[in-house]
Amino acid sequence: MGRWLGIVAVVALALVGCGKKHPADKVTYVADDDPRMNVAMEKARASVKRFTAALKSPKAGQSAFSIKMAFTDGGNTEHMWLTPVTFDGTKFTGTVNNEPEKVKSVKMGQKVTVAPDKISDWMYIDNRKLVGGETLRVLRDGLTPAERADFDKSVPFVVE
């Protein structure tokens, strides 16, 4: 089985609202054993303290704090973004910000909790620059140059 990862610009979805799909909202299939994606998720988990520190005391220009977590339903697993997100010192709580494609046990808008060691990714925007977003970077790197250019135009941040 594989997993579905959203290459979703969380900020864009939050800004667009109104139930419309944003151009950056794309679900991508990634194999469970994809080495680049697995490294990205481990990197995100290993650096989550950077995220929690910024979330606890955001500086001017920092916004759109989001985490990604896996949801499993039968043989299907989807990794979806949660935003807005809070951290109580032991777990994150956030609102599912993706419409599930295969998983039926969760809905967009549902509040969920997750431990830091179970997240798939984290991200925030710092003065229009993406911080974190390791899985998003892997998915973006896999796009064709034209797709990458379209993606970059569709999001309110810069990926360096």
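The values are calculated or read from the model by the stated rules, or taken from the named source; none is laboratory data. Here the structure is a predicted model, which means the values were calculated and not measured. A quick note on method: Cβ atoms are made from the backbone with ideal geometry, for glycine too, and the neighbour counts reach across all protein chains shown.
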Identify all residues within region 113-128 that are surrounded by fewer than 16 Cβ atoms within 10 Å (Cβ to Cβ) and farther than 19 Å from GLU42 by Cβ; write none if there are none. THR113, ASN127, ARG128
How many residues, within region 24-50, are touching a residue at least 12 places away in the same chain (Cβ under 8 Å), in a loop (DSSP other than H, G, I, E, B) and loosely packed, with under 12 Cβ neighbours inside 10 Å? 1
If I filter region 94-106 for residues that are in contact (Cβ under 8 Å) with a residue 24 or more places away in the chain, charged (D, E, K, R) and outside any loop (DSSP other than H, G, I, E, B), do I get at least one hit? no
Only one of (1) surrounded by 22 or more Cβ atoms within 10 Å (Cβ to Cβ); (2) touching a helix residue (DSSP H, G or I) at 6+ places or on another chain (Cβ under 6 Å); (3) among the hydrophobic types (A, V, I, L, M, F, W, C) does not apply to MET80, and that is (2)
Unique residue being of a type outside the set (D, E, K, R), surrounded by 15 or more Cβ atoms within 10 Å (Cβ to Cβ), more than 19 Å from PRO156 (Cβ to Cβ) and in contact with a strand residue (DSSP E or B) (Cβ under 7 Å, 6 or more places away or on another chain) when the list is VAL138, VAL131, VAL85, VAL96: VAL96
What are the residues in region 80-93 that are within 15 Å of ASP117 (Cβ to Cβ) and either of a type in the set (Phe, Trp, Tyr) or assigned to a strand (DSSP E or B) (or both), if any? PHE87, PHE92
Filter region 51-77 down to residues that are among the basic types (Lys, Arg) and surrounded by fewer than 22 Cβ atoms within 10 Å (Cβ to Cβ), then give me how many there are. 2
Select from region 20-57 the residues that are in contact with a strand residue (DSSP E or B) (Cβ under 8 Å, 6 or more places away or on another chain), under 20 Å from ASP141 (Cα atoms) and of a type in the set (Val, Ile, Thr) and write down the one among them that is modelled with the highest pLDDT. VAL30
Only residues that are under 14 Å from ALA54 (Cα atoms) and of a type in the set (Asp, Glu): list them for region 104-134, please. ASP126
Test for PHE151: is it aromatic (Phe, Trp, Tyr) and within 15 Å of ARG45 (Cα to Cα): no
Residues located in region 126-148, provided they are assigned to a helix (DSSP H, G or I), within 16 Å of the chain's Cα centre (by Cα) and of a type outside the set (D, E, K, R): THR135, LEU136, VAL138, LEU139
Lone unmet requirement of (1) touching a helix residue (DSSP H, G or I) at 6+ places or on another chain (Cβ under 8 Å); (2) over 20 Å from ASP32 (Cα atoms) for ARG137: (2)
Given VAL131, VAL114, VAL155, which one is in contact (Cβ under 8 Å) with a residue 24 or more places away in the chain and closer than 17 Å to THR28 by Cβ? VAL155
